[in-house]
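The values are calculated or read from the model by the stated rules, or taken from the named source; none is laboratory data. Given the structure is predicted, the values throughout are model-derived calculations rather than measurements. Note: ideal-geometry Cβ built from the backbone for every residue, glycine included; neighbour counts use all protein chains shown.
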Amino acid sequence: MLQENEQNPNKHIEQTEREFGRIINAIPQNWVNKINRTHSTQAERKQTPQTSFQTIPTGSGQTAKNIVQLNTRDFYEQLRSDKNTKIPALDYWRQNLQPPPTLDQQHWKTIYSNLITNKQGDVNWKVTLRILPTAQGLHRMRVYHTNLCHHCNEIETIEHVLVQCANATRFWTFVTPYIDTISEQKLQLTNSMKLLGITELQKDGLNQVKRQLVNWLLTTARCALHKSAVDYRVRAEIVPPRSLFVAAAKSHIMYEYKRAIQRRQLQQFEDQWCTNEALARVVNEELLMKL
Ligand SMILES: [Zn+2]
């Protein structure tokens with residue numbers, strides 16, 4: 001009946017409606033009721049979707065469920081409604097990881113401070129974020145056979161390699177006089193400075209040139225201690241951090257000197273690198289090392 005006039009564009013909508021009504025009337029009434037019931041139930045379902053949060057208590061006085069048994073959505077709903085939810089995995093990591101660093105905005109500036117090369121800055125960055133590879137970290141990753149320091153058999157953490165080990169203590173005794181000369185004894189070197197450098201917040205009375213040179217020296221010392229530990233782990237070679245430090249410092253100052261000569265900036269070089277003649281001095285345009 002509907003198909004008869006399908007090709008006719010002038011067919012009126014009222015005519016189609018009338019014809020459709022006659023088809024509906026031809027269908028038995030109990031069939032129509034059944035179709036209507038099914039349609040309306042589906043519509044209602046769409047309007048009120050089932051939430052998976054129904055089993056989660058949200059009001060006060062109700063007992064929270066064990067989060068281990070919850071699915072992901074319920075778990076986050078539980079976290080949202082109850083800020084004190086205990087997360088077993090977090091407790092585990094808190095017990096097993098080293099304490100988080102306490103840093104302020106100033107410390108981030110010292111990581112890649114002016115005189116520090118990108119490679120040295122990367123070591124600082126790893127120390128700051130506590131991801132510098134040590135025997136402890138590598139042993140946990142199962143890529144190194146022990147978590148102990150090869151000097152003293154204590155657990156080799158970042159602090160141990162850079163500050164606490166007797167090997168490191170001896171090395172810092174060698175480095176400290178250079179820092180005393182640069183700072184004119186104004187700086188009392190603490191373990192925190194050895195690990196993270198010095199910032200403007202220290203109120204040490206140093207100008208920016210001296211502070212940058214001290215941070216460069218501390219960084220070079222840190223890198224020497226780290227490289228000494230790496231050399232032992234990778235090649236079983238015992239290289240004292242002192243010789244690594246002197247070699248790295250000398251070659252870098254020599255590089256800066258040659259660059260300054262090329263650029264005719266010898267005065268700037270002296271102002272920066274020959275502060276108090278702690279590390280080097282220039283006599284008759286010749287570089288003399290103090291290291
Ligand atoms: Zn040690």
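Please enumerate the residues belonging to the range 143-158 that are in contact with a helix residue (DSSP H, G or I) (Cβ under 8 Å, 6 or more places away or on another chain) and either assigned to a loop (DSSP other than H, G, I, E, B) or among the hydroxyl-bearing types (S, T, Y) (or both). If the condition is that a residue be in contact with a helix residue (DSSP H, G or I) (Cβ under 8 Å, 6 or more places away or on another chain) and either assigned to a loop (DSSP other than H, G, I, E, B) or among the hydroxyl-bearing types (S, T, Y) (or both), then Y144, H145, T146, N147, C149, H150, H151, C152, E154, E156, T157 are the ones that fit. Each residue in the range 150-166 was checked for being surrounded by 20 or more Cβ atoms within 10 Å (Cβ to Cβ) and over 25 Å from the mean Cα position of the chain (by Cα), and 1 pass.
Identify all residues within the range 137-148 that are free of Cβ contacts under 8 Å to residues at least 24 places away in the same chain and either surrounded by 15 or more Cβ atoms within 10 Å (Cβ to Cβ) or among the polar types (S, T, N, Q) (or both); write none if there are none.
First, pick out the residues of the range 137-148 that are free of Cβ contacts under 8 Å to residues at least 24 places away in the same chain: 137, 139-143, 145-148.
Matches in the range 137-148: G137, H139, T146, N147, L148.
Within the range 191-199, identify whether any single residue is over 25 Å from the mean Cα position of the chain (by Cα), more than 16 Å from the ligand (Cβ to nearest atom) and surrounded by fewer than 17 Cβ atoms within 10 Å (Cβ to Cβ), and answer yes or no. For the range 191-199, residues over 25 Å from the mean Cα position of the chain (by Cα), more than 16 Å from the ligand (Cβ to nearest atom) and surrounded by fewer than 17 Cβ atoms within 10 Å (Cβ to Cβ): absent. If I filter the range 125-133 for residues that are away from the ligand (no atom under 15 Å from the Cβ), basic (K, R) and more than 16 Å from L217 (Cα to Cα), do I get at least one hit? Yes, the range 125-133 contains at least one residue that is away from the ligand (no atom under 15 Å from the Cβ), basic (K, R) and more than 16 Å from L217 (Cα to Cα). Residues of the range 160-169 being assigned to a helix (DSSP H, G or I) and either near the ligand (Cβ under 10 Å from one of its atoms) or in contact (Cβ under 8 Å) with a residue 40 or more places away in the chain (or both), which ones? Across the range 160-169, the qualifying residues are H160, V161, L162, Q164, A166, N167, A168, T169. I'd like to know if the range 257-265 contains one or more residues that are of a type outside the set (F, W, Y) and either crowded, with 22+ Cβ neighbours inside 10 Å or under 16 Å from K119 (Cβ atoms) (or both). Scanning the range 257-265 turns up no residue that is of a type outside the set (F, W, Y) and either crowded, with 22+ Cβ neighbours inside 10 Å or under 16 Å from K119 (Cβ atoms) (or both). Taking the criterion of being under 21 Å from T146 (Cβ atoms) and free of Cβ contacts under 8 Å to residues at least 24 places away in the same chain, the only residue of the range 239-277 that qualifies is V239.
Among R94, R80, which is the only one that is at pLDDT 75 or above and over 22 Å from L162 (Cβ atoms)?
Working: R94 fails: at pLDDT 75 or above.
Residue meeting the stated conditions: R80.
Taking residues in the range 214-234 that are under 13 Å from F171 (Cα atoms) and at pLDDT 95 or above, and partners anywhere that are among the small types (G, A, S) and not in a helix (DSSP H, G or I), the pairs with Cβ atoms closer than 8 Å and at least 6 places apart or on different chains are L218/G197.
Against the definition (of a type in the set (G, A, S) and more than 16 Å from the ligand (Cβ to nearest atom)), how does G137 come out, yes or no? No; evaluated as a whole, the condition is false for this residue.
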